[in-house]
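A.B. asks: Input: one structure, supplied below.
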Amino acid sequence: MAHDLLDAEDLQKVRECLAGNPDAFEVLFNKYRGRIYSLAYRYVQNKEDALEVTQDVFVRAYQALASFQTGSKFYTWLYRIAVNRAIDFVRARRVRPQIEMSEIGDEDLARQSPGPRSPDPAKALDEKELRQKIRSAIGKLSDKHRTVFVLHALENLSYKEIAEVVGCSIGTVMSRLFYARKRLQKELAGYVG
Amino acid sequence: MGGCDKLELKLGALLDGELDSQEEQELRAHVAGCHLCRSRLQSFQVLEREAVAAFRAPEPTENEWGRIGAGIREAVAGARKTVAFPRAQRSPLIEALVPAFALAACLVIVVVIGILSRVNREPPRAPDVYSSKEYEIRVEPLAPEDEDGALWIEVTRG
């Protein structure tokens, strides 16, 4: 029910935007910028590129707004644009995600999250190595398996929402997710699990 | 063991809360008594927890968001200038007349092309004929689509 209300609000903003009110699009941007940035970051794995992808996603969404089918959900439509754009970006720049993030991301995170971190340097190194291994393993998944894993495990989308974003059946989502998990388990044997 | 392998696909769905209540109940009962499935389920849980930790994105600053927002506004303003008359703002009358305008424009183009092609077409050139008592020679240019600038020469005995 709450979801339906949120969807209705989004649709209202889309209509206002199409009627010539650009402020309505700003509301949508402020609402979804964090989620789109976070999704882009999973693919490009550095902050600047993720911000660039985020900007591009919203510009493209604005330009394509007239083609948005009001029967569907705005945020799944936006996610679809974001996934496609992020995949294209990685392909175009041939980013090696696991390397870039290990150099930039962990430092950023260290500054931002003063949470419990291991005081033992050897253990901290292990944690860093583990994260690097995980990123590398996820980076090795095919686009379709990585997308399903990222949308579910990292973005908390339901199978139904993922099916809408990706444009496949719920059964396909389930089997792709299963395959992705099995592949990751295999890649990370000895590190995780 | 074979049964457990078949259930493995559903373990992920159990973890994700995507099973219907009856299936969930049955699978939970199985997992409670099956060491292999329990360990597989735990392994999925650990994997996802670690993946979340590995991919935590650094939060952009307000300045960075401001820059991105400005970039979008600029691009969007450009798009509005390009699309001076967006589809959603057309009045119903104009919407209804668009196909008629398009048809009329096509007809005008066809008529203009027809007229121009008639105006530009050279009249068919009569062959040059050279004759003597014994021979008649007709020299006739070939049609341009056959061979540009070629001539057809026909020699007949008189």
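A.B. asks: With the requirement that a residue be at the interface with chain B (Cβ under 8 Å from one of its Cβ atoms), more than 18 Å from B:Ala13 (Cα to Cα) and outside any helix (DSSP H, G or I), what does the stretch A:135-190 give you?
C.D. replies: Passing the criteria: only A:Leu188.
A.B. asks: When only residues in the stretch A:69-95 that are surrounded by fewer than 17 Cβ atoms within 10 Å (Cβ to Cβ) and part of a loop (DSSP other than H, G, I, E, B) count, which is nearest to the other protein chains (Cβ to nearest Cβ)?
C.D. replies: Among those residues, the one meeting the criterion is A:Thr70.
A.B. asks: Does A:Arg42 satisfy the condition of being buried (at least 23 other Cβ atoms within 10 Å of the Cβ), part of a helix (DSSP H, G or I) and either in contact with a Phe, Trp or Tyr (Cβ under 8 Å, 6 or more places away or on another chain) or at the interface with another protein chain (Cβ under 10 Å from one of its Cβ atoms) (or both)? Walk me through how you get there before you give the answer.
C.D. replies: Values: buried (at least 23 other Cβ atoms within 10 Å of the Cβ): yes; part of a helix (DSSP H, G or I): yes; either in contact with a Phe, Trp or Tyr (Cβ under 8 Å, 6 or more places away or on another chain) or at the interface with another protein chain (Cβ under 10 Å from one of its Cβ atoms) (or both): yes.
Criteria met by A:Arg42.
A.B. asks: Within the stretch B:54-66, restricting attention to residues that are facing chain A (nearest Cβ under 8 Å), assigned to a helix (DSSP H, G or I) and modelled with pLDDT of 90 or more, which residue is farthest from the chain's Cα centre (by Cα)?
C.D. replies: Residues of the stretch B:54-66 facing chain A (nearest Cβ under 8 Å): B:54-60, B:64-65.
From the residues that got through so far, the ones that are assigned to a helix (DSSP H, G or I) too are B:54, B:64-65.
Then keep just the ones that are modelled with pLDDT of 90 or more; that gives B:64-65.
On the way: B:Glu64: 33, B:Trp65: 32 Å.
Out of the qualifying residues, it is B:Glu64.
A.B. asks: To continue, here is another question. Could you go through the stretch A:27-38 and let me know if any residue there is of a type outside the set (Ser, Thr, Tyr), over 23 Å from A:Ile162 (Cα atoms) and free of Cβ contacts under 8 Å to residues at least 12 places away in the same chain. Before the answer, list the steps.
C.D. replies: Let us first name the residues in the stretch A:27-38 that are of a type outside the set (Ser, Thr, Tyr), namely A:27-31, A:33-36.
Now restrict to residues that are over 23 Å from A:Ile162 (Cα atoms): A:27.
After this cut, where a residue has to be free of Cβ contacts under 8 Å to residues at least 12 places away in the same chain as well, the list is none.
Within the stretch A:27-38, not a single residue is of a type outside the set (Ser, Thr, Tyr), over 23 Å from A:Ile162 (Cα atoms) and free of Cβ contacts under 8 Å to residues at least 12 places away in the same chain.
A.B. asks: Something else now. Residue by residue through the stretch A:3-24, note down the ones that are hydrophobic (A, V, I, L, M, F, W, C) and either outside any helix (DSSP H, G or I) or more than 7 Å from every other protein chain (Cβ to nearest Cβ) (or both). Spell out the reasoning first.
C.D. replies: Residues of the stretch A:3-24 that are hydrophobic (A, V, I, L, M, F, W, C), as a first pass: A:5-6, A:8, A:11, A:14, A:17-19, A:24.
A:Leu5, A:Leu6, A:Ala8, A:Leu11, A:Val14, A:Cys17, A:Ala19, A:Ala24 - these are the residues of the stretch A:3-24 that are hydrophobic (A, V, I, L, M, F, W, C) and either outside any helix (DSSP H, G or I) or more than 7 Å from every other protein chain (Cβ to nearest Cβ) (or both).
A.B. asks: Keeping to the stretch A:45-62, report how many residues are at the interface with chain B (Cβ under 7 Å from one of its Cβ atoms) and either of a type in the set (Lys, Arg) or not in a helix (DSSP H, G or I) (or both).
C.D. replies: Qualifying residue count for the region: 1.
A.B. asks: Please count how many residues of the stretch A:151-193 are of a type in the set (Phe, Trp, Tyr) and under 16 Å from the mean Cα position of the chain (by Cα).
C.D. replies: Count: 1.
A.B. asks: Let me ask another. Residue by residue through the stretch B:92-139, note down the ones that are modelled with pLDDT of 70 or more and within 14 Å of B:Ile153 (Cβ to Cβ).
C.D. replies: Selection gives B:Asp128, B:Val129, B:Tyr130, B:Ser131, B:Tyr135, B:Glu136, B:Ile137, B:Arg138, B:Val139.
A.B. asks: From A:Leu157, A:Leu184, A:Leu177, A:Leu151, which residue is aliphatic (A, V, I, L, M), within 14 Å of A:Ile87 (Cα to Cα) and not assigned by TED's automatic domain parsing to the domain that holds A:Phe68? Steps first, answer last, please.
C.D. replies: Values: A:Leu157 fails: within 14 Å of A:Ile87 (Cα to Cα); A:Leu184 fails: within 14 Å of A:Ile87 (Cα to Cα); A:Leu177 fails: within 14 Å of A:Ile87 (Cα to Cα).
On inspection, the qualifying residue turns out to be A:Leu151.
The values are calculated or read from the model by the stated rules, or taken from the named source; none is laboratory data. Keep in mind it's a predicted model, so treat the numbers as computed, not measured. Every residue, glycine among them, receives a Cβ derived from its backbone with ideal geometry; neighbour counts consider all protein chains shown.
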